């Protein structure tokens with residue numbers, strides 16, 4: 001049986017705009033591949049078509065990211081700044097690796113708690 005309904009896939013994240021901040025929440029225990037990175041970048045562009053917003057990223061126990069996914073995030077995201085949030089040592093290692101190896105063109109910081117991340121994002125001079 002052929003269906004005319006569009007094929008939908010379950011995405012590994014949710015993306016919403018909240019008070020001028022593009023908020024990304026990865027599904028618990030996700031392994032992020034190239035297709036996930038492309039999907040996130042496309043969704044971010046669709047949500048924030050007329051602005052270059054700051055982005056808060058909640059890792060939520062992320063397991064792995066491919067090198068190409070990290071490269072895409074560093075080169076293709078149209079954002080003003082990125083706050084990466086995660087309480088574990090793995091989360092910090094992911095954030096440090098992303099920042100140090102891929103050198104994103106926007107300010108990027110790691111935080112253990114989202115409140116501190118939001119305070120930094122809303123006070124960031126690049127976030128407008």
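The values are calculated or read from the model by the stated rules, or taken from the named source; none is laboratory data. Every value quoted in this text rests on a predicted model; they were computed, and no experiment measured them. Cβ placement follows ideal geometry from the backbone for every residue including glycine, while neighbour counts extend to all protein chains displayed.
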Checklist entry - Considering only residues of segment 56-77 that are surrounded by 14 or more Cβ atoms within 10 Å (Cβ to Cβ) and out of contact with any helix residue (DSSP H, G or I) (no Cβ under 7 Å at 6 or more places or on another chain), which is modelled with the highest pLDDT? => result 57
Checklist entry - Inside segment 79-101, can you point out the residues that are more than 11 Å from the chain's Cα centre (by Cα) and either surrounded by fewer than 17 Cβ atoms within 10 Å (Cβ to Cβ) or under 17 Å from residue 21 (Cα atoms) (or both)? => result 80, 87, 88, 89, 90, 92, 93, 96, 97, 100, 101
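Of the residues 122, 108, which single one is farther than 22 Å from residue 30 by Cβ, surrounded by 12 or more Cβ atoms within 10 Å (Cβ to Cβ) and in contact (Cβ under 8 Å) with a residue 24 or more places away in the chain?
Exactly one of 122, 108 is farther than 22 Å from residue 30 by Cβ, surrounded by 12 or more Cβ atoms within 10 Å (Cβ to Cβ) and in contact (Cβ under 8 Å) with a residue 24 or more places away in the chain, namely 122.
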Checklist entry - Would segment 30-37 turn up any residue that is on the phi > 0 side of the Ramachandran plot, touching a strand residue (DSSP E or B) at 6+ places or on another chain (Cβ under 9 Å) and part of a loop (DSSP other than H, G, I, E, B)? => result no
Next on the checklist: If I go through segment 48-75 residue by residue, how many of them are within 13 Å of the chain's Cα centre (by Cα) and over 18 Å from residue 94 (Cβ atoms)?
Outcome noted: 2
